[in-house]
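Right, one structure below, let's go through it.
The values are calculated or read from the model by the stated rules, or taken from the named source; none is laboratory data. None of these values were measured; they are calculated from a predicted model. Neighbour counts run over all protein chains shown; Cβ positions are idealised from the backbone, glycine included.
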Amino acid sequence: MIEIKTIATGSKGNAYIVTDGITPLLLECGISYRDIQRAFDFKMSQVAGCLVSHEHGDHIKSLKDILKSGIDVYMSEGTKQAIGSDHHRIQTVKPKKQFTLGTWTIMPFDTEHDVSEPMGFLLANRLGEKLLFATDTYFIRYRFPGLTHIMVECNYDMGILNENIDSGRVPAVMKKRLMKSHFSLDNVKEFLRANDLSKVQEIWLLHLSDNNSDEALFKQEIAELTGKLIYVP
C-alpha cells in the first residue's frame, strides 16, 4: 500500500517520502539535510534512493549530504551536467527507460521546465499500484493508465496571477516565465480530464505559489472535477 508524506513543498524547498510499505524513497532533496533526517526519524539507512526532477536549488539543496550519507540519487544526464557533479552515487536515468529500485519499478518521463533535462516519474509497486510524480512542468504530454496515486504540481491560477499583475504585487515579466515553466490550475484540470482516473485513490496538489494560488479554491475545484480525495500539503 502506497503511503505519501510531504516534508516540504513550494519555492522554498521540496521533499517527499513515498513508500509501498517495503521500500521507502525520497522524492527531491530541496531542504536541509537535518529536516530530511528528522522526517525519517534519523534512520537514513532505510532510504533506498532519492529521485530528483531537475537542478533548481529548491529540489537539490541537500544533494551533497544525501550523497555523503550513502544514498543513490537518480536524475537525468542533463540534470547531472547542470549540477556539475561526478559523484559515484549519482545514477543517470533516461526518459521512458524503466528501472527498478527495491520493490518499485520506475519509469522516468520528460517534462517541460526552464532547465536542462527535467523529468517526472511513474512508480509502480508489486501490488499493481501506480504513483505519478510530476512537478515544475507546464505541460505533460503523456497519458498514464491505471494510476492509483497522483502527486502533481498545481502552482498558480491565471485569474489570480492577472489580478496580482494588475495591482502591482507581481511583476508582469513573471507571467511569461510561469506559463512556460509551471503547471496552472487549468492545465492540471486538462491533464486530469485526459487520464483514466477510475482507480485513483488520492490526488496531491504540490508546489502552490505563495502569491498566485488559493489552496481552498484549488482543492475544491479539483475535488469537484474528479470526485477524489484531494490533499494540499
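Structural remarks
- Residues that are charged (D, E, K, R), in a helix (DSSP H, G or I) and more than 21 Å from the chain's Cα centre (by Cα), drawn from segment 169-193: Lys175, Lys176
- Screening Ile150 on (1) of a type outside the set (Lys, Arg); (2) over 15 Å from Val18 (Cα atoms); (3) modelled with pLDDT of 95 or more shows it passes everything except condition (2).
- Within segment 1-23, the set of residues being touching a residue at least 40 places away in the same chain (Cβ under 8 Å) and not aliphatic (A, V, I, L, M) comprises Thr6, Thr9, Gly10, Ser11, Lys12, Gly13, Asn14, Tyr16, Asp20, Thr23.
Yes/no matrix, rows are residues, columns are (1) charged (D, E, K, R); (2) within 20 Å of Gly57 (Cα to Cα):
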position: Lys94; (1), (2): yes, no
position: Gln98; (1), (2): no, no
position: His113; (1), (2): no, yes
position: Leu132; (1), (2): no, no
position: Tyr142; (1), (2): no, no
position: Pro145; (1), (2): no, no
position: Cys154; (1), (2): no, yes
position: Gly168; (1), (2): no, no
position: His182; (1), (2): no, yes
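- Tabulated pairs, segment 33-49, first under 21 Å from Thr100 (Cβ atoms), second of a type in the set (Gly, Ala, Ser) and not in a loop (DSSP other than H, G, I, E, B), C-beta under 9 angstrom, 6+ apart or interchain: none
- Criterion (at pLDDT below 95, out of contact with any Gly (no Cβ under 8 Å at 6 or more places or on another chain), under 30 Å from Met1 (Cα atoms) and not small (Gly, Ala, Ser)) met by exactly one of Arg141, Arg169: Arg141
Listed here are the residues, each with its yes/no results for (1) surrounded by fewer than 24 Cβ atoms within 10 Å (Cβ to Cβ); (2) within 12 Å of the chain's Cα centre (by Cα); (3) within 27 Å of Ser184 (Cβ to Cβ).
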| position | (1), (2), (3) |
| --- | --- |
| Ile90 | yes, no, no |
| Lys94 | yes, no, no |
| Thr100 | yes, no, no |
| Thr103 | yes, no, no |
| Met119 | no, yes, yes |
| Leu127 | yes, no, no |
| Thr137 | no, yes, yes |
| Arg141 | yes, no, yes |
| Thr148 | yes, no, yes |
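- Condition broken by Phe183, with the remaining ones in (1) in contact (Cβ under 8 Å) with a residue 24 or more places away in the chain; (2) in contact with a Pro (Cβ under 9 Å, 6 or more places away or on another chain); (3) hydrophobic (A, V, I, L, M, F, W, C) satisfied: (2)
- Within segment 3-44, considering residues that are touching a Ser or Thr at 6+ places or on another chain (Cβ under 6 Å) and part of a strand (DSSP E or B), the one farthest from Trp104 (Cα to Cα): Tyr16
- Of the strands (runs of 3 or more DSSP E) entirely within segment 73-136, those holding at least 1 residues that are within 14 Å of Gly49 (Cα to Cα) and free of Cβ contacts under 8 Å to residues at least 40 places away in the same chain occupy 73-75, 90-92, 99-101, 104-110.
- Within segment 45-72, being in a helix (DSSP H, G or I) and surrounded by fewer than 23 Cβ atoms within 10 Å (Cβ to Cβ) holds for Ser45, Gln46, Gly57, Asp58, Lys64, Asp65, Leu67, Lys68.
- One residue alone among Asp166, Asp210, Asp196 is of a type in the set (Asp, Glu), over 22 Å from Met119 (Cβ atoms) and assigned to a helix (DSSP H, G or I), and that residue is Asp166.
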